[in-house]
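Please read the structure below before turning to the comments.
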Amino acid sequence: MKKQGEILAMIKHINQPKSSVTSRAEIPSLEAQFKKTFADIQVASKEFKMQLGLREVGNVIHNANGIAIVSGLPNVGYDELVRFSNGLLGIAFNIDEVTAGIVLLGHYWHLRAGDEVLRTGRVMDVPVGEHLLGRVINPLGEPLDGIAPPKAKTRLPIERPATAIMDRAPVTTPLQTGIKVIDALIPIGLGQRELILGDRQTGKTALAIDTIVNQRGKDVLCVYCAIGQRGSSVAKVIATLRQHNALDYTVVVVAAGDAPPGLSYIAPYAATSIAEAFIEAGRDVLIVYDDLTQHARAYRELSLLLKRPPGREAFPGDIFYLHSRLLERATHLSKELGGGSLTALPIIETEAQDISAYIPTNLISITDGQIYLSPALFELGILPAVDVGKSVSRVGGKAQRKAYRSVASNLKLTYAQFEELESFSRFGARVDQATEKIIAHGQRVRMSLKQAECSPVSLSEQILLLLAVKEGLFDTVPLLAMSEAEQHLLKAASDIPQGIRDKIESDESISDDDGEMILKLASNALAEFGTDKTDEKETLESSSDRTMVTSIATNKEQEPTDEVPAVELSTKATKNISETSE
């Protein structure tokens, strides 16, 4: 019984609550916390000031085909960005007294009359920066490559004023395209605007993509803007860039053919703002607009839907300004502004080889030259199908290296003389021996300028090839063996001493000894492809159907008065080309 009493006493002692002194010590601490909390709430409530904000909220009256008519936004500005209740964005395009015409920047099938629309107080902008390299985005900056959205630290408006004249530097540095016929006859400089035009399926996009591929390792960033192109065509371009490791330094902006016209309208401006962020950092950038014909058609569609008065070919009156304010942003900045450059290659599609149509003539007058691709040359297999007679670069030899200029200065004149004589010989005219040699030499010039797709030729290889053409080393090579002889010659370019290569790349003039050394390499490489005059003539006659040249048979028994000297036939070509070659 005694032990049981002790156990009960111990249990009672354990279950006994804490002393009243401890409880009294904790209760004031809890009360202090409550008092402090309520005091803070009271101070915050006194400091809080209700701020009233004024927002303009309108309503959709009408919606159709990529545009919306809204009311209730009396203070909306031109080109101001607006947001609809479902998150869709739009740009104020028409400003009337009561209503405003909005260009929709997305799919609009879920937009209904009566939906709310809110002003944002800012213009349309796009994310810019190094993080966009290697990405495929739409004009709004949204990803199309299945990767997370780019983290934009900086945004720029898509519409920006062009660089002032005093802030620009002259175009003197070449942009090597890796395409022989362009680098030799129609040189492009950093900061230049060179138009590429031609009919459908003549290789316009391939020409631009080859130029992008050739920029690998040359510290030139690229922006490819696809406007109104089929999804399969854009996918092929992206696959080509990825295959040649060119996507790493390229930003692809896509407004596909099934996208609303509003996205096609803003696509080139958004791509240009992305490029301008790079040139402001002192980088050289190449931008390709593929193509501005679709851009003009999208703008025409929007203008007609908004009931703007149509003009020639139903285009609005400001269609010229649409492209001039875009291409005027291509420039070469002065050294004080970093020395960056933006080179533009806009693409235009012609119909039935009509380069005098409305949009082509607009772009020709805006740009600094054009590269015309001929369907006739394309059908003959002369690729790239560049029509040298209709193509021009208004920068000219100023955008060529000195070494390159020394071997290609007279090439365009020689080629133009050949084309005129070739067209004359198709009528079966009897020509003298000198004319026959000019035609034979011109054929080899044309064959040497042929090039496969995505096969860029380096600067040293081009100089070796053009020097061999200039000195007539190919004149004894049969036309059917020209391709093999050219490949053999290009392999010999690796034997050019490094010192001479450095002179070529650094824009130094090569000495006579250097030229003789290069010429000796070319002679040794082509020694095994030589042939006598009999074989040469047989080869020329057998290939006449492929090159649209009739058989040239010189009749020595004819009177001298029946022979037509080459000088007389080529006088007109000499006058037309002399200024360009200078």
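The values are calculated or read from the model by the stated rules, or taken from the named source; none is laboratory data. Source: prediction; values computed, not measured. Every residue, glycine as well, gets a Cβ built from its backbone with ideal geometry; the counts of neighbours run over all protein chains shown. Side chains included, ligands, DNA and RNA excluded: accessible areas come from the protein's heavy atoms. Shrake-Rupley method; radii C 1.70, N 1.55, O 1.52, S 1.80 Å.
What the table below lists for this structure:
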read-out	value
Mean Cα-pair separation over length for the stretch 260-396, i.e. relative contact order, pairs under 8 Å, 6 or more apart, %	24
Listed residues L383, Q229, S483: farthest to the positive end of the dipole of the chain (Cβ charges)	Q229
Answer label, with P(r) over Cα pairs in 20 Å bins from 0, in percent calculated from the coordinates and candidates [x] 17, 40, 22, 10, 5, 3, 1, 0; [y] 19, 49, 29, 3; [z] 21, 55, 22, 1	[x]
Apportionment of accessible area to carbon and sulfur, the stretch 267-403, percent (1.4 Å)	52
Dipole in debye (nearest 20) - the chain, about Cα centre, beta carbon charges: Lys, Arg +1; Asp, Glu -1	3780
Helix 433-449 axis, angle to the chain major axis (alpha carbon atoms, nearest 10°)	20
The stretch 17-146, dipole about Cα centre (Lys/Arg Cβ +1, Asp/Glu Cβ -1), debye to the nearest 20	820
From phi via Karplus (6.51, -1.76, 1.60), per-residue ³J(HN,Hα) for the stretch 60-72 in Hz, x at Gly/Pro	7, 9, 8, 9, 6, 6, x, 10, 9, 9, 10, 10, x
For the chain: relative contact order, % (alpha-carbon pairs under 8 angstrom, 6 or more apart)	14
Residue-by-residue Karplus 3J(HN,Hα) for the stretch 134-151, coefficients 6.51, -1.76, 1.60, Hz, glycine and proline x	x, 9, 10, 10, 9, x, 8, x, 7, x, 10, 9, x, 9, 4, x, x, 7
Value of relative contact order over the stretch 384-463, rounded to a whole percent, pairs C-alpha under 8 Å and six or more apart	40
Derived scalar couplings ³J(HN,Hα) [the stretch 199-212; Karplus, 6.51 cos²θ - 1.76 cosθ + 1.60; whole Hz; x for Gly, Pro]	5, 5, 6, 10, x, 5, 5, 4, 4, 5, 5, 4, 5, 5
Ranked by how many other beta carbons lie within 10 Å on average, peptides 273-283, 419-429 from highest	273-283, 419-429
The chain, accessible area per residue, ligands and nucleic acids excluded (1.4 Å, Å²)	50
Positive-end extreme of charge dipole, the chain - chosen from S341, L247, I102 (charges on Cβ)	I102
Degrees separating the helix 482-491 axis from the principal Cα axis of the chain, which is the longest one	60
Built amide H within the under 5 Å cut-off of V126, gap 5+	L156, I158
Amide H partners (placed H, <5 Å) of N138, local residues excluded	L144, V254
Rounded to 10°, Cα long-axis angle of helix 411-425 versus longest principal axis of the chain	60
